[in-house]
Amino acid sequence: MALQDVSDRQEFSRIESGQRDGSVGLVLVVALLLVAAAIGLVFIGRDQAATYILILLAALAVVGVFSLFAGAAGILRLAGNGVTNPLLKAVVEMAHDGIVVTDPRGRVVYANAAYLSLINAGDETEARPVERVFVGDPDISEAVYRLVKAAREGRRLQEEVRVPGSAGEPARWLRFRVRPLGEKGGEALTTVWSVADITRDRERQENIFQELQHAIDYLDHAPAGFFSVNGTGELVYLNATLATWLDYDLAQVGSGGLKLQDLVSGDGAALLTTLGAGPGDVKTEVLDLDLRTRSGRPLPVRLFHKVAFAADGSPGASRTLVLNRARDDGSDPQRAAEVRFMRFFNSAPMAIATLDREGRVMRSNAPFARFHHGVVKGEAAPTEGRSILQVVAERDRAAVAAAVAKAAEGEGDIQPFDVTLSDGAGDRSARLFVSAVESSEPEGEAAIVYAIETTEQRALEEQFAQSQKMQAVGQLAGGIAHDFNNVLSAIMMATDFLLSAHRPTDPSFQDIMQIKQNANRAASLVRQLLAFSRRQTMRPQVLGLGDVLSALTMLLRRLIGEKVQLELTHGRDLWPVKVDLSQFEQVIVNLAVNARDAMPDGGTLTVRTMNVPAADSARFGRKAMPAADYVMVEIADTGTGIPPELMEKIFEPFFSTKEVGKGTGLGLSTVYGIVKQTDGFIFLDSEVGKGATFRVFLPRHVATAAEAGPTVAAPALVPDGQPKASADLTGQGTILLVEDEEGLRGLNARGLASRGYTVLEAGNGVEAIEMLEQHSGEIDLVVSDVVMPEMDGPTLLREMRKRDPDLKIVFVSGYAEDAFAKNLPEGGQFAFLAKPFTLKQLSVVVKETI
């Protein structure tokens, strides 16, 4: 085995030096034999020469085939010109790291002096491979196994392991590297191992780490606080002293648990994040403000805030020293007063800044820094030195400049004024108060400006004004609708009498039918006015909007026509809602028709539903809608869109952008009224040329054990909205008819009398009470109006029930049933018939109730 190892090392030495085996004499001998054979053939006769030539060629062929096989098997190798490289060999031999080369079977074919010294070997004959040297050490055997496996797989690998020392010797750190040389059939030919003693390097690293730990320990327990914040406002370091002052756990720092806003009270964080400087500059600011402890208590401190800016002007991580001003012993009254003033100044609820004569900001408090930075974004310059004119919109800059000029001249009575902020959107506003400052320096402070943002206040004022406007229009529309209902009731009742007195062959029959049809059309318009004023009768029921919209699909396709493509997208597991089915269908139909008219050349109408949890309701940016669970129905078109100046008027009654005769202007106002009466919300987003999107938010219905409310008896309706017809509308009984409109009362009495009833008439509630007392026990039913002079319907009901608890009552009104039902005593039983109504509808309700 020793001889074989020596042979292998000699072989590696020859390979390394580039030498190859060969012999020139052997070549000359072969050449002489071939020449002699050729000369011999010359002297042999021609007849016998052919035989010898064949024998010679066969011998040469055998030699050639044998040489090919020997060369392929590696037995025979061709000689080459090798050039020894003594410099390379000397570098490897004198290397500081131990180097050993093994063959595919793991035997050592070369080892340099450093490796022999590392394993305590006398010469190359005692060299052993790495896995045999360290196989008995359990601490490093696992690492050596990984290295050997990597060598067999043809991969490079590096491991650092700690090797226990011998008796009395310290432990060592060794770095092992393995690198295969060449591949054949996926297996490495030879493997180069390097072993380096890195004990000193590891000791040096441990010393540096220990020094760093000591430095951190010194900084953590220094008598001053220290923190660092990155460019995104996250706290990356907080020393133990400051953590103790603020009662925070150091484990929260650096893991995204704390931000600058968690430490700095009020708007003070804006002072730290709005510092600005040029690219590559380092800015240091001294600030007096309050930090906030975990329990919310303020901690007055002085900050030495240092920030370095990168080449592109972006701020890097801060280095901030914190001095606790709460521990002052009060020995310096001037310092204590300064601390109190700066705390008041930076904690003020309004933005305050001092200006020079040109309007440039000289000093500012924390709210002004936040206010200024929130408006002028994306610039690195600090608040100080900026002109206040940058904060306001261009149209208001002249007013601000004039106010600053007055203050600079010493004028004291400067009226506050409102400005629009220059944030690009134009929807933020503020109120400015400017006062003069006495200063002896011409370039010093000339004015003080106080700013209060009024964006939310203005939005609420506009919302309230719009609500008041819509309410006023609704009240007007509702009052008009009520009066119209009385007129239409009389017209419809009179046409019923005329139709019953004329045959279809009568020449005037068609004229009477035309009157009735127009009366019905007018009644439909009145219902839309009542819907806008939210005074129509609602029959809410718990519905699934997905099923309702699916049932409406065919109707919607017919309404929008072939040019418009309808797309329906239903959300999963939609929450139930409580709405009036017919009224909700009217909402969808009206919005679909409105979208169709906005796409004369065709387009796409998209109806989408989805659940909107309370946490997500704010992302729609609607301040008027409180946070709650909603089911949203979105109707979007790709039409012409709605100009911004018309969007505020789009829900007003009789407002229409269509040509005269092509719309009543009540479609969207009806939608608005129905949605509001259902306690929902409707919003519009539109852009000219890109279409419009209506979003209807209906509150989620959560079922309760029992829903309180009066039991309302109402006639069942068939799909066309007409009461179910009774086979026989005649009847018997005494009916007290209470109606303040004399003409309408006479027509209703005549109609009921024609059906076989005995009718007693009263012009108001007081007369009705007297009539009830005069005919005590004879009256079977009371048919009464709701809105009457002297005594209204609910009061009449209470008084009559005192005298006759079982008395049956039917209310007729042009207003919604809910408008007066809430004024009735709990459990009050009554039937309801909405005006206008026909004689047939009145007869059906009377007979069903009596």
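The values are calculated or read from the model by the stated rules, or taken from the named source; none is laboratory data. Since the model is a prediction, treat every value here as computed from it, not as a measurement. Glycine also receives a Cβ, built like all others from the backbone with ideal geometry; neighbour counts cover every protein chain displayed. When the accessible area is computed, the model is the full protein with side chains, heavy atoms only, and any ligands, DNA or RNA have been set aside. Shrake-Rupley method; radii C 1.70, N 1.55, O 1.52, S 1.80 Å.
Can you tell me how the range 142-241 classifies by the Cα gyration tensor, rounded, prolate or oblate, using a/c under 1.5 as the rounded cut? Note, shape of the range 142-241 comes out oblate.
Exceedance of the 25 Å cut-off in Cα-Cα distance is limited, within the set LYS676/LYS847; LYS259/LYS306; LYS808/LYS835; LYS516/LYS578; LYS578/LYS847; LYS516/LYS808, to LYS676/LYS847; LYS516/LYS578; LYS578/LYS847; LYS516/LYS808.
Once backbone amide H atoms are built at 1.01 Å from N, ARG357 has ALA446 as its partners under 5 Å, excluding neighbours fewer than 5 places away on the same chain. Taking label points 7 Å from Cα along the Cα-to-Cβ direction, LYS259 and VAL787 give a separation of 5.4 nm. Rounded, prolate or oblate: which fits the range 730-815 when a ≥ b ≥ c are the square roots of the eigenvalues of the alpha-carbon gyration tensor, with rounded for a/c under 1.5 and prolate only if a/b beats b/c? Cα axes put the range 730-815 in the oblate bin.
Spin-label model, VAL766 to SER550: label points 7 Å out along the Cα-to-beta-carbon direction sit 6.0 nm apart.
Determine, from the Cβ-Cβ distance of ASP804 and GLU742 and an R0 of 35 Å, the FRET efficiency 1/(1 + (r/R0)^6), rounded to the nearest 0.05. Write out the running numbers ahead of the final one.
Values: r = 26 Å, r/R0 = 0.75.
Working from the Cβ atoms, E equals 0.85.
What a 1.4 Å probe finds exposed on the range 546-586 is 48% carbon and sulfur by accessible area, rounded to a whole percent. Taking 7 Å steps out from each Cα toward its Cβ at SER508 and LEU581 produces label points 4.3 nm apart.
With θ taken as phi - 60° and the Karplus curve 6.51 cos²θ - 1.76 cosθ + 1.60 applied, the whole-hertz 3J(HN,Hα) list for the range 681-688 is 9, 9, 10, 10, 10, 8, 9, 4 Hz, x standing for glycine and proline.
For the range 114-241, the per residue solvent-accessible surface stands at 61 Å², with DNA, RNA and ligands left out and a 1.4 Å probe.
How large is the direction-averaged shadow of the alpha-carbon convex hull of the range 610-653, in nm²? Mind showing how you got there, number by number?
Values: hull surface 17.7 nm².
Its Cα hull, projected and averaged over all orientations, spans 4.4 nm².
Calculate the FRET efficiency for PHE209 and TYR145 from the Cβ-Cβ distance with a Förster distance of 35 Å, rounded to the nearest 0.05.
Working: r = 29 Å, r/R0 = 0.84.
Using R0 = 35 Å, I get an efficiency of 0.75.
Under 5 Å from the amide H of GLY313 lie the amide H atoms of GLY280, each residue being 5 or more positions distant or on a separate chain, with H modelled from the backbone and absent for Pro and chain starts.
Using 0.36 nm per residue and subtracting the Cα-Cα separation, the extra length available between PHE464 and MET610 on full extension is 49.7 nm. Under 5 Å from the amide H of VAL579 lie the amide H atoms of GLN541, LEU543, each residue being 5 or more positions distant or on a separate chain, with H modelled from the backbone and absent for Pro and chain starts. For the pair GLU645 and SER500, the difference between a 0.36 nm per residue extended length and the Cα-Cα distance amounts to 46.9 nm. When peptides 59-69, 673-683 are ranked by their average number of other Cβ atoms within 10 Å per residue, the highest-first order is 673-683, 59-69. Here r is the Cβ-Cβ distance between ILE53 and VAL27 and R0 is 30 Å; the resulting FRET efficiency, rounded to 0.05, is 0.80.
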